[in-house]
Amino acid sequence: MRASRPAVHPVEAPPPPPTAPAQPQGEVEGVAHPRGVRMKDPPGAPGTPAGLGLRLAQAFFAAAALAVMASTNDFPSVSAFSYLVAAAILQCLWSLSLAFVDAYALLVKRSLRNPQAVCIFTIGDGITGTLTLGAACASAGITVLIGNDLNICAENHCASFETATAMAFISWFALAPSCIFNFWSMASR
C-alpha cells in the first residue's frame with residue numbers, strides 16, 4: 001500500500017503517544033495509530049475505470065482486425081497478414097484477460113498496485129504492444145506494395161487488408177497508454 005509520509009508531504013505529524021512501561025509488543029492500549037493517506041491511481045492505470053475502458057478498446061479493435069482479416073480467403077498466402085492474425089489473437093486474449101482483472105478489481109474496490117502484478121502487466125503490455133505494432137507495420141507495408149506499387153488491388157481484397165491494418169494500429173494506440181501508465185507505476189516504486 002502506498003501511503004504518504006510526513007517527510008514526503010509536509011503535514012504536521014501527531015505527537016508520539018505516551019508509552020506505558022510494561023506493554024507487550026511495543027503497542028499502547030487504546031491508542032489508534034493513524035493510517036496513511038492513500039494516493040490516487042492515475043487514470044488508465046490497472047484497476048481504474050479508464051484502465052478497463054482502454055482494455056476493452058484494445059480487445060475490440062484487435063478482434064475487429066482479426067475478423068476483417070479472417071474474412072478474406074487469401075490472407076494465409078502472405079506471411080505479414082498471418083502475423084497480423086496471430087498478433088491480433090494474442091492482443092485480444094491479453095486485453096480481455098486484463099479487462100476481467102480490472103472489472104473484478106473495480107467490483108471489489110481493490111487497487112492493482114501490487115509490485116508483482118504491475119510488473120507482469122508492464123511486461124505483457126510491452127510484448128503484446130511490440131507484436132501488434134510490428135504486425136500492423138508489416139501489414140501496412142504489404143498493403144502499400146499490393147495497392148500502390150504493383151497495382152493489383154482488383155485481384156486482392158485491398159479494402160479488407162487496409163481495414164484490418166487500421167484496426168491493428170488503433171488497437172496499438174489504445175495499448176500505448178496502458179503500457180505507459182503501467183511502466184510509470186512500476187518505475188515510481
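Annotations
- Projecting the Cα atoms of 174, 122, 57 onto the charge dipole of the range 49-187 (Cβ charges, centred on the Cα centre) puts 122 farthest toward the positive pole.
- For the range 41-162, the orientation-averaged shadow of the C-alpha convex hull comes to 7.9 nm² (one quarter of the hull surface).
- Sorting the segments 120-127, 95-102 by their residues' average number of neighbouring beta-carbon atoms within 10 angstrom, most packed first, yields 95-102, 120-127.
- Label-zone membership for the range 161-180, site residue 153, 7 angstrom Cα→C-beta point, backbone N under 18 Å: 161-167
- Projected label distance in nm at residue 103 and residue 86, using a 7 Å step from Cα toward the beta-carbon: 3.0
- Fewest-first sequence of 94, 172 by Cβ atoms within 10 Å of each Cβ: 94, 172
- Ordering of 43-56, 146-159 by packing [mean C-beta count within 10 Å, highest first]: 43-56, 146-159
- Sorted by Cβ density within 10 Å, fewest first, the residues 109, 40: 109, 40
- Cα gyration tensor shape of the range 83-122, rounded if a/c is under 1.5, else prolate or oblate by comparing a/b with b/c: oblate
- Total charge dipole magnitude, the range 49-187, about the Cα centre, Cβ charges on Lys, Arg, Asp, Glu only, Debye to nearest 20: 720
- In this label model, residue 93 and residue 137 are separated by 2.4 nm, measuring between points 7 Å along each Cα→Cβ vector.
We did not get these values from a lab; they are worked out from the coordinates using the rules stated. Being a predicted model, the structure only gives us computed values, none of them experimental. Here the Cβ is made from the backbone with ideal geometry for all residues, glycine too, and neighbour counts use every protein chain on show.
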